[in-house]
Amino acid sequence: MSNSEQTPPQQSGLNVNAAEFNFNLNASEFVPSFGTTQVNPPGYENPSYQNTYLYNQDPQNMYYNQQYQQYGQYGQYEYPQQYYNLQQPYYYPENQPPEEPEEPEDNTISFSDFENSRSSKPKVTPGPKLGFKSINVGEEVRQVVEQEEAPKEEVKVAPKVRKPVIKSITEKPIDKAALIAKLRESAANEEQPLVEPDKIKEPVNIVFIGHVDSGKSTICGSILLLSGKVDQRIIETYEQEAKRLGRDSWWLAYIMDQTDEEREKGITVEVGKAFFETPTKRFSILDAPGHKAYVPNMIGGASQADYASLVISARISEFETGFDRGGQTREHAMLAKSLGISNLIVVINKMDDPSVNWSQDRFEQIKREMSPFLSEKCKYDLSQVHWIPISGISGANIIERVKPETAPWYNGPTLFEIFDSLPLPVRSAEAPLRIPILDRSKDQGIIIYGKVESGQVVKGQRVIVMPIRIKGEIVEIIGAEESRLMYANAGENVRIKLKVPEEVEIQRGFTICDIHDVCHAAQEFSADVQLLDLLEEKQVVSAGYQCVMHAHTAVEECEILEITALIDVARKKKSKTSFGRSNQRILMRVKAEEEICVEPFTKMNQLGRFTLRDEGKTVGLGKIIEIVEAAEEAPEEEPANK
């Protein structure tokens, strides 16, 4: 059998009949050329085909072919130079040394030059090929070829606004008392003078939480109606709209649910906010969504609250649905406690439903089943938990006591009486200013929504926005019922007009601070975390576990760097471990994807708490122990004048 009739062996090697190797711009491969006819390699139809198989038809080249196989296939490994030379296809190890390769022509490039360019660049992690279709052959080719492999993982480039040059803050503290004195003097000459906050009634915030369709929005609407905060014409409009949608009993909920989506579906999506007063307090009422799809919104609203009202439906089967595993009654109660709310009002609603009819047995049954969960699982002090039966739709037992003939067994306080009896939170106007940003908008400037967690904010005061470290000025402060304030103390829910550079992007989760005393901006910290029921497919938390972290109003993706210890609460002992399971308490190091505004829990508990959620489920509640400070960046030096 002649050499031309032999069947090519099924093994990789070099085609010794090839006169030279040309670079085929269309195939993105090196292919052999026989005179004027070009032979495409197998896999030519698929541009991603990376391995070229060339059949060896010369049996004398077996030694060379074996050595070639030892080093793998073209495109994946580097081969020793002594075993081949693509410009001298008839070279064997026992023959004379090869001649020096000629310079490539306009449309060719030697494989040896290609390999030299690969070996001259630093090693990178193998990644996807960038391709060669649009490059030109020549000196520029070699520069492009040096970058023909990309890193396996893309590096996420953060917006410039999130990574500014950090400069030391050297400004002196602002004399807020002198600034307020100037505002008082100028107020006498203004047509619409600024006002000072009410010094008699303290500002407080209460959030209504609970399972979906338990009647939270209806209760909030009833409170505003009975407090005289809703105009009668608006009520008539809501009643007509509810009838049009076939939801006659929902007109009270429309006071809080303002969007078309909320009214058509009958569920709250965004946190509604309104104001009312009792004889001793000024309340900001927050109506949180109850659907499990909107738990992140509920966390944002509850993070501003001083008290929580857990609404439970007394209707037969509705309490059981919300309290059973998977219901939002459990999760909302636990989240409220993790956010620092210790005073809880359990409002048992719909007591006038025909299935209940103000039954004392139903009230006591709910109280009996809920109490162990609140005390043992959520760690509430039951002396700070208040229980009250009401009817949100009729307003019974909200301001006016329920009639004795309706519920002769109940002789406790009304809902408003409980509101007035709640202890005031401890605050200090001398503490450093902290306003976590809940939302923002643009209306002839940047408008910030948030609660003054600590300190005092004054109109005209210079502030700094963390973590982007941008300085600005307070232009206007809007309080409850559109009142224009000179200043706002801790506890006030305010809307602030902020003057900052136009190109700055203010985001939810940023924090407004005093110019001379800023909060920590960090990505990494150590924490004490109480794990809850983990996901079925993720029964262990260890290094590398990724989830979403909610810290005050900030929401960031995070990763567990290390589990350092397991805490035995009963024995009050720590043991070294590298993982955690459901319902265990552990110490860990956490790293957020971006810088967030935090404080150690012992310094400021409002910014020292966080919640971990994974795939729509709360998996952990934590307190920050220690913060790992980011290395400060030195300001860029300007080039010297030449």
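The values are calculated or read from the model by the stated rules, or taken from the named source; none is laboratory data. Keep in mind the model is a prediction, meaning the values are calculated, not measured. Note that each Cβ is placed from the backbone with ideal geometry, even for glycine, and that neighbours are counted across all protein chains shown. For the accessible areas, the whole protein counts, side chains as well, though only heavy atoms, and no ligand, DNA or RNA atoms are used. Shrake-Rupley method; radii C 1.70, N 1.55, O 1.52, S 1.80 Å.
Numbers below:
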{"quantity": "Solvent exposure, largest accessible area first (probe 1.4 Å, DNA, RNA and ligands not counted), of Lys442, Lys591, Lys182", "calculated": "Lys442, Lys182, Lys591"}
{"quantity": "Solvent-accessible area per residue for the stretch 438-490 (1.4 angstrom probe, square angstrom)", "calculated": "37 Å²"}
{"quantity": "Nearest-0.05 FRET efficiency for Glu505 and Glu557, computed from C-beta distance (R0 25 Å)", "calculated": "0.85"}
{"quantity": "In nm, spacing of pseudo-spin labels at Ser355 and Val475 (7 Å Cα→C-beta vector)", "calculated": "5.3 nm"}
{"quantity": "For the stretch 296-394, alpha-carbon Rg relative to the globular expectation (2.2 N^0.38 Å, N residues)", "calculated": "1.05"}
{"quantity": "Net charge of neighbours whose Cβ lies under 10 Å from the Cβ of Leu531, counting Lys and Arg as +1 and Asp and Glu as -1", "calculated": "+1"}
{"quantity": "Gained length - Ala187 relative to Glu405, 0.36 nm times residue gap less alpha-carbon distance", "calculated": "73.0 nm"}
{"quantity": "Residues of the stretch 215-339: accessible area per residue with a 1.4 Å probe, Å²", "calculated": "41 Å²"}
{"quantity": "For Ile219, net neighbour charge (Lys/Arg +1, Asp/Glu -1) across residues whose Cβ lies under 11 Å away", "calculated": "+1"}
{"quantity": "Simple label model, 7 Å out from Cα along Cβ direction - Ser375 to Glu629, nm", "calculated": "4.6 nm"}
{"quantity": "Across Lys379/Lys442; Lys229/Lys459; Lys265/Lys591; Lys172/Lys451; Lys199/Lys623; Lys201/Lys265, pairs whose alpha-carbon gap is larger than 30 Å", "calculated": "Lys379/Lys442; Lys265/Lys591; Lys199/Lys623; Lys201/Lys265"}
{"quantity": "Efficiency of FRET from Cβ geometry, Arg368 and Asp528, R₀ 25 Å, rounded to 0.05", "calculated": "0.20"}
{"quantity": "Förster-model FRET efficiency, 60 Å R0, Gln240 and His516, C-beta, rounded to 0.05", "calculated": "0.65"}
{"quantity": "Linear extension gain, Asn297 paired with Glu196, 0.36 nm per residue minus alpha-carbon span", "calculated": "33.2 nm"}
{"quantity": "Within-12-Å neighbourhood charge of Leu344 [Cβ basis; K, R +1; D, E -1]", "calculated": "0"}
{"quantity": "1.4 Å probe accessible area per residue over the stretch 364-407, in Å²", "calculated": "51 Å²"}
{"quantity": "C-alpha center-to-center spacing [the stretch 257-321, the stretch 397-416] in angstrom", "calculated": "23 Å"}
{"quantity": "Stretchable slack from Gln232 to Asp568, in nm (0.36 nm times residue separation minus alpha-carbon distance)", "calculated": "115.1 nm"}
